[in-house]
Each structure stands twice: as C-alpha cells, then as structure tokens.
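The values are calculated or read from the model by the stated rules, or taken from the named source; none is laboratory data. Here the structure is a predicted model, which is why all the values come from computation and not from measurement. Cβ coordinates were reconstructed from backbone atoms using ideal geometry, including for glycine residues, and neighbour counts include every protein chain displayed.
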Amino acid sequence: MMQAIDIANFLEQHALPEHYAREAEQWFYPVAEQIYTQQQQLNKAMVLGINGSQGSGKSTLAALFVLLFKQIYQLNAVSISIDDFYFTLAEREQLAQHVHPLMATRGVPGTHDIDLANKTLRQLLAGTSEVLIPRFNKALDNRYAQDQWAAVNKPVDIIILEGWCLGAEAQSAIDLKQPINALEANEDADCLWREYVNQQLDVLYPCLFQHVDQWLMLQAPSFDCVYQWRLEQEHKLRDRYVRQGLSRQTKIMQDAEVKRFISFYQRITENLLVMLPAQVDYLFKLDEQRRVRGF
C-alpha cells in the first residue's frame, strides 16, 4: 500500500476543500500506485492521459499526480495540458479569415498546434536534455513568449497529458448536420465550421492521442454542469489578476461570454461523455460538485 502523505500545502495552493484530501487518498492514490507499477515494468517513460470537461479538475489531478510520483516514488513526472498548445491569437485570426470566423475562438480541434504538441511529447519521451513546454495565458488569450515557457532539464519517468478533448473521435457527416445549440444554428448554419473541426479531429489528433499509454476520465454528470464549473474557473482567474492589479490588461470573460464560449465545446463534450467511458482504464464519475461518486 502507498503511504499517506501530508498534502496540506497542496490544498492551500490549489484552494481546495479539506475533503479533497480524503477523496484523493480513496480514489487517486491507488491509481498513482498502479501507474508507478506499470512504469517500472515498462522501464521507460510513459504517458497518462486525463480527459475531463472544462472545470472538472483535470489540472488539479495532474498536479496531484506529479506530487505523488515525486514524494512517494521519487519519479520525475511532468504535467502538460493540450490547452498550452493553442495557436497564438494571430494564428487563430488567420484561421478566422481563411477558414471560418469561429476559428478565432480557442478550444476546438483545429485551434491547437498539434505539430508542436507531438514534437514536445517526442522530446520528453526520448529524454532530450532540455525540453521547452509551451504555456498559454488564458487571461490574455495568447501564448506566453518562449522565454516564459517551462523547461524540463532531466529525463522524465511519467508524462501527464490532460485536456478536455483528449481521446475525442470524429463524428459522421450525418451527425454533424443537425445543430445542437444556438451557436451552431446561427453562426454555422452552413456547417462549414463543424466540418472543418471534425476533419481536423479525424486527421491530426489521433497521432497525438496514440502517445497515451493509460487513460483516465473525470466524467461530468452532464454538459449542464460545465457552464457553472467554467464560470468558477473564470471567476478565480479574474480574482487572481485583480489581486495582481492586472485585471484591465486581460481578456477575462464576463458570465454571458462564458456561456457562449462553452457552446464551442458542447458537441464534442457530449459525444465524449457517451463514447469515452467504455474506452478508458480509469473512470471517475463526478457529481455536480465535482466529487467522485463512482469508479
């Protein structure tokens, strides 16, 4: 059995309630132990993929795993998010001009630099002496300058890749035709945006997903929860920048903007909630408060 550790500082750093420590010990510590065993058997770096809708706790869980692997097993683990590989604002504006206006908004397949993501993963898996990991500033809706990227200077044992669309699959042309929300009906009436996103997901993303050795999913009870969860994320982001005196320099969204923003994610998220649970190695069913209610 894996020994218990004091994660009080972790709870404080991530503004987590006390019950998270108990739930982590019950649900997530055993997964860390199994991943450790598998990595030792492989005797090489491995990739743990974490899927979950916006606000489900993917980044927090990834950070917890990094802590556990380091403190308990003395493994070098690194967490990377597919969000950090969003195209720059200028690149997405080019997509908006040449493909569809909706491509200016980050999020959907086709707005990530998959070549850069694959290159970064390959370097980490190969044990390259120094690997730079891009970081994306959501408050500014743009990628940080390269001198602000994270640097990994020693070989890693476990790579945690997390993302809302991780493991998503393309839909059939028939499924795409019927709009599922006002955004699709009013701003993509000819289905061109949906078709482009679907084509990008079909052609480019499988080569990224194939790096994953083990899959974990944080399953939301429904898409209805995503708005409230994403709203909480935006409020925390706003509060942080207000404390830093930077709120006027950001593109933090208002509540109505968040509601429209998640419409971009709805189609793929709902498909993932139905399709992915049967395919993952570790499934955690969440309630509306993001607490684990089943495995």
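Going by the structure shown, is Lys119 modelled with pLDDT under 95 and closer than 22 Å to Ser79 by Cβ?
no
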Residues to consider are Leu283, Leu276; find the one that is in a strand (DSSP E or B) and at pLDDT 80 or above.
Leu283
So which strands (runs of 3 or more DSSP E) are wholly in the stretch 112-182 and hold at least 1 residues that are in contact with a Ser or Thr (Cβ under 7 Å, 6 or more places away or on another chain), crowded, with 16+ Cβ neighbours inside 10 Å and among the charged types (D, E, K, R)?
158-163
Sort out which residues of the stretch 214-229 are at pLDDT below 95 and either among the hydroxyl-bearing types (Ser, Thr, Tyr) or more than 13 Å from Arg293 (Cβ to Cβ) (or both), and write them in order of number.
Ser222, Phe223, Asp224, Val226, Tyr227, Gln228, Trp229
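Rundown of residues vs (1) closer than 16 Å to Leu216 by Cα; (2) part of a helix (DSSP H, G or I); (3) modelled with pLDDT of 95 or more, yes/no style:
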{"position": "Met2", "(1), (2), (3)": "no, no, no"}
{"position": "Asn9", "(1), (2), (3)": "no, yes, no"}
{"position": "Glu12", "(1), (2), (3)": "no, yes, no"}
{"position": "Pro17", "(1), (2), (3)": "no, no, no"}
{"position": "Tyr29", "(1), (2), (3)": "yes, yes, yes"}
{"position": "Gln34", "(1), (2), (3)": "yes, yes, yes"}
{"position": "Gln38", "(1), (2), (3)": "yes, yes, yes"}
{"position": "Lys44", "(1), (2), (3)": "no, no, no"}
State which residue is farthest from Ala32 (Cα to Cα) when the search covers only the stretch 73-118 and only residues that are among the acidic types (Asp, Glu) and without any contact (Cβ under 8 Å) to a residue 60 or more places away in the chain.
Glu93
Complete set of residues in the stretch 11-68 that are polar (S, T, N, Q), buried (at least 16 other Cβ atoms within 10 Å of the Cβ) and without any contact (Cβ under 8 Å) to a residue 60 or more places away in the chain
Thr60
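In this structure, does Trp229 turn out to be over 23 Å from Leu95 (Cα atoms) and outside any loop (DSSP other than H, G, I, E, B)?
yes
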Test Ala126 against the criterion of being in contact (Cβ under 8 Å) with a residue 24 or more places away in the chain and among the aliphatic types (A, V, I, L, M), and give yes or no.
no
